[in-house]
Amino acid sequence: MNKNRDLYKRFVTFVSGIFLLAMLTGIFAYVWYKEYSKEIIFPYYRRGNWVLIAIYCLLVLLFFRAYGGFKLGYLKKTDMLYSQMLSMACVNAVSYFVISLIGRHFMAFMPVVYMTCFDFGIIALWTLFAGRLYFMIYPPRKLVIIYGSHQAASLVLKMSQRVDKYMICESISINEPEDKVKELIMKYEGVIICDTPAELRNDYLKFCFAHSKRAYIAPKISDIIIRGADDIRLFDTPLMLCRNYGLDFEQQLFKRVFDVVFSLIALIPAAPFMIISAIAVKLYDGGPVLYKQKRLTLNGREFFVYKFRSMIVDAEKDGKARLASEEDDRITPVGKILRKFRVDEFPQLLNILKGDMSVVGPRPERPELTAEYEKDMPEFGFRLKVKAGLTGYAQVTGAYDTTPYDKLKMDLMYIENYSIRLDLQIILMTLKTMFFPPKNNAEIEEALLVPKNSDKKGEHSK
């Protein structure tokens, strides 16, 4: 019965999403016809109006997909609500400028404000009722976890934050007899396989496949690399090709052009915030406004990254590199605000123009910390296959307490799945993170690629 219901899950999500999309588009159509269509110099006749409404519908669809607004059942209700409201604010702002462009002057602004408020109300009601209906049809899955060490406990802790989606009923060690493990798998709807040797993991994965049991797997570094492989055939033999050199020439060229154009445009709206931030930092303690620090980028090349100073002067006067924590006493009151909204990172637009960084990529790490991480994680240098970024996949899905190994895996997911579409999606997700910053891993949800996992050591320790 559960398997049959699962077959229709995407259809239920699709229908509920179409219903919401139709309501939001209908509201815009009403506002357009009532407030704007007759006010433009050369009013449209039928098809022109329909095209404009269709463009609005497409914008809603694009922003909702970028922010995960249609991920009913996957995101928490609050996170989905934030995503949808931010999407509608962006869509309606763009739509107002389009309407003004058509009208050849700035049109009345208040109808768009009222429309946005009404949209928020519709979204809140849809999130409440569609969410309840979804979880009535699809209650939390009963799962068993197969673990290889105590490190699996952190994954269990994260999944337990979503009691509406996961119900971990039992656990069993990989050291137990194979028959006992398989018997336990058959009792539940799915299995979590975490921190287990590759051979045993593959055996249980095949068993789950044979019996149509859902499997959640904590990936190793090699798994992520394989997922980015190309499928090829040598006559009648299938092969998987892992290129392992980062981005190709065309991707690097297009990415560099995009970086320059984006940073030049972004400096215009960022300039007022940068001026205010510089004044605030200077007035607080009279210390230097900018802070530069040696970091690593593509192929391990060193460069100096620029930031607005968010800590006290001589925060590392002992010369020892220290990671900042969320409640770090070295962070100034001004610095806390700058960090919360990521404004302290704005000067890195200059690093992008210089070519040291990209808009999207793994965050640049300090040489000292990289050397320290590589003692436990020899694979940590893999993230230097691309340029360091102003923002990245690990930044929009991670938090202060995300482990370095988790960040490494997310950075590799970005490298192996790179596309311009993914870059644009991460940039949009960064805006959401600036307005609704997560505090810890309990607030992190499934986002762009796959759920992140929680191993703390490299594959060499497996």
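FYI, it's all coordinate maths here, none of it is from the lab. Predicted model, so just to flag it, every value in this text is computed and none were measured. Because the Cβ atoms are built from the backbone with ideal geometry, glycine has one as well, and the counts that use them run over all protein chains shown.
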Convert each backbone phi in segment 173-178 into a coupling constant with the Karplus relation 6.51 cos²θ - 1.76 cosθ + 1.60 (shift: θ = phi - 60°), then list the ³J(HN,Hα) values in order as whole Hz, x for Gly and Pro. 6, 5, 7, 6, x, 4
Based on the Kirkwood radius over alpha-carbon pairs, what is the Stokes-Einstein translational diffusion coefficient of segment 195-307 at 20 °C with 1.002 mPa s viscosity, in µm²/s? 107
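Give me the percent relative contact order of the chain, please, defined on Cα pairs under 8 angstrom at least 6 residues apart. Walk me through the intermediate numbers first.
Working: 596 pairs, mean separation 61.6, N = 462.
It rounds to 13 percent for the chain.
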Please list, in chain and number order, the residues 5+ apart from residue 166 or on another chain whose amide H is under 5 Å from its amide H, with Hs placed from the backbone. 141
Cα extents of segment 89-213 along the three principal axes, largest first (Å): 74, 30, 28
For residue 192, the residues 5 or more places away or on another chain with a placed amide H closer than 5 Å to its own amide H are 144, 145, 146, 216
Considering only the other residues whose Cβ falls under 15 Å of the Cβ of residue 181, what net charge follows from Lys and Arg at +1 and Asp and Glu at -1? -2
Helix-derived mean residue ellipticity, 222 nm - over the chain, DSSP H n ≥ 4, -39500 (n - 2.57), to 500: -17000 deg cm²/dmol
Given [x] 0.97; [y] 1.04; [z] 0.99, the label whose value is Rg/Rh (Cα atoms, Kirkwood Rh) derived from this model: [z]
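Can you figure out the FRET efficiency of residue 369 with residue 136, using R₀ = 56 Å and their beta-carbon distance, to the nearest 0.05?
Details: r = 48 Å, r/R0 = 0.85.
E(calc), rounded to 0.05, equals 0.70.
For segment 158-245, what does the convex hull of the Cα positions come to per residue, in cubic angstrom?
On the way: hull volume 12.7 nm³, N = 88.
Here the figure is 144 Å³ per residue.
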Going by amide H atoms built from the backbone, whose H comes under 5 Å of the H on residue 311, apart from near neighbours? 332
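So, with +1 on the Cβ of K and R and -1 on the Cβ of D and E, and no other charges, what is the size of the charge dipole of the chain about its Cα centre, to the nearest 20 debye? List each step's numbers first, then the result.
Values: 63 positive and 50 negative charges, 214 e Å.
Its charge dipole is roughly 1020 debye.
Taking only Cα atoms of segment 30-106, what ratio of Rg to Rh do you get with Rh as the Kirkwood inverse-distance radius? List each step's numbers first, then the result.
Values: Rg = 14.8 Å, Rh = 13.7 Å.
With Rg and the Kirkwood Rh in hand, the quotient comes to 1.08.
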Using Cα centres only, tell me the gap between segment 78-101 and segment 375-427 in whole Å. 28
Find the centroid of the Cα atoms in segment 112-158 and in segment 324-370, then give the distance between the two in whole Å. 31
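By how many nm would the segment from residue 243 to residue 109 grow when fully extended, if each residue of separation counts as 0.36 nm and the alpha-carbon distance is taken off? Don't skip to the end; give the middle numbers.
Working: separation 134, 0.36 × 134 = 48.24 nm, distance 5.18 nm.
Roughly 43.1 nm would be gained on extension.
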Among 158/409; 340/409; 220/387; 180/206, which pairs are too far apart, with a Cα-Cα distance over 19 Å? 340/409; 220/387
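Starting with the highest mean, order 74-84, 195-205 by the number of other Cβ atoms within 10 Å, averaged over the residues of each peptide. Could the numbers behind the result be given before it?
On the way: 74-84: 20.1, 195-205: 16.3.
Averaged packing, sorted descending, gives the order 74-84, 195-205.
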Quick one: Karplus J couplings for segment 202-212, per residue in order, coefficients 6.51, -1.76, 1.60, θ = phi - 60°, nearest Hz, x for Gly and Pro? 5, 4, 6, 5, 5, 4, 5, 5, 5, 10, 6
Separation of the residue 19 and residue 189 label points, Cα + 7 Å toward Cβ, nm: 2.0
